[in-house]
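Just below is one structure, and these are the notes that go with it.
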């Protein structure tokens, strides 16, 4: 075996982020992913800068371990091959606008008729019903879901997250859905249609914030780096810069103030419980800032970490990668000659693979076309 999903064939008709991220994770775990691209290729090939060897690093970050074939669905011969691929695949995944593949005979109903055992995954921005006409850009979902209303300083403008968070999370939800449907197929022999969308993912991903409204009737608002329900849980000023301090319960708060040299604060009726610290955070903040002002952020990091207190520096991306390296997490994996970010899952018996670099456009077109033209009983290439 090359991975826990060895022998699984995935027809990947998705592009940009949510779908390709999902299929890369499946490919890392051993699935044979055939990336079907239009004549112009996946848009992210051209999203530059940054660039490496003429290809956008965006594309390189989410397309390793795949084979690429160009199929023009408007070309009759290519469409025949696309249909054949859908007939042979265990998984068909696409993120066209809802109904966009129906006119090519590649919607769920047509694929299921040809291949009843297939797991067909559709990804959209706002769902296939009321939101079918809305374009599924991550920033639109960040705005319309309420996330941007939570991001930024209280008196400043709304901000998008620094990553396309709902695209990525929808990719993860899609992998969960696909694996669950495959488990069902193993038990029953039946495929099915699974659907994910960015807005539903957003509702789930915002967990405590959406719960605050649906369960508590509270509409959350921007609080900068503060937490709605915990304090301290934010960057705090030291002698030379900010340090993240995260206190999740009363025991941790007692440990913090003891390390800061002010253990009596843990018994102050304003600060002795989570609820009280939230209510009086305006009074607690200057006290903690004054205590922290006697040492640098690095000195406090060393001291507080030694006492088991959750704290940490605010790194740039380079610093984050270097931290992961220093902790032995080996964050960089070479896919051929292309550095990529390692799959975060570890297996004791069937580790992720990195044997294929992100493919060039139609790099495997000849071999895939030849295979699709052969005996259809040869399901896997």
Per the list (1) in the same structural domain as residue 31 (by TED's automatic domain parsing); (2) modelled with pLDDT of 95 or more; (3) not in a helix (DSSP H, G or I), residue check on residue 333 breaks on (1)
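For (1) under 25 Å from residue 207 (Cα atoms); (2) crowded, with 20+ Cβ neighbours inside 10 Å, each residue gets a yes or a no:
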site: 104; (1), (2): no, no
site: 109; (1), (2): no, no
site: 117; (1), (2): no, no
site: 120; (1), (2): no, yes
site: 134; (1), (2): yes, no
site: 137; (1), (2): yes, no
site: 149; (1), (2): yes, no
site: 176; (1), (2): yes, no
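Here's the yes/no breakdown for (1) within 23 Å of residue 242 (Cβ to Cβ); (2) touching a residue at least 40 places away in the same chain (Cβ under 8 Å); (3) in a loop (DSSP other than H, G, I, E, B):
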{"residue": "261", "(1), (2), (3)": "yes, no, yes"}
{"residue": "272", "(1), (2), (3)": "no, no, yes"}
{"residue": "277", "(1), (2), (3)": "yes, yes, no"}
{"residue": "284", "(1), (2), (3)": "yes, yes, no"}
{"residue": "288", "(1), (2), (3)": "yes, yes, no"}
Can we say residue 99 is modelled with pLDDT under 95, more than 18 Å from residue 343 (Cβ to Cβ) and either out of contact with any strand residue (DSSP E or B) (no Cβ under 7 Å at 6 or more places or on another chain) or surrounded by fewer than 17 Cβ atoms within 10 Å (Cβ to Cβ) (or both)? yes
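Results for (1) out of contact with any helix residue (DSSP H, G or I) (no Cβ under 7 Å at 6 or more places or on another chain); (2) in the same structural domain as residue 315 (by TED's automatic domain parsing), shown as yes or no for each residue.
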position: 213; (1), (2): yes, no
position: 219; (1), (2): no, no
position: 237; (1), (2): no, yes
position: 257; (1), (2): no, yes
position: 293; (1), (2): yes, yes
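The values are calculated or read from the model by the stated rules, or taken from the named source; none is laboratory data. Because the structure is a prediction, the values reported are computed rather than measured. When we count neighbours, we look across all protein chains shown, and the Cβ atoms used for this are built from the backbone with ideal geometry, even at glycine.
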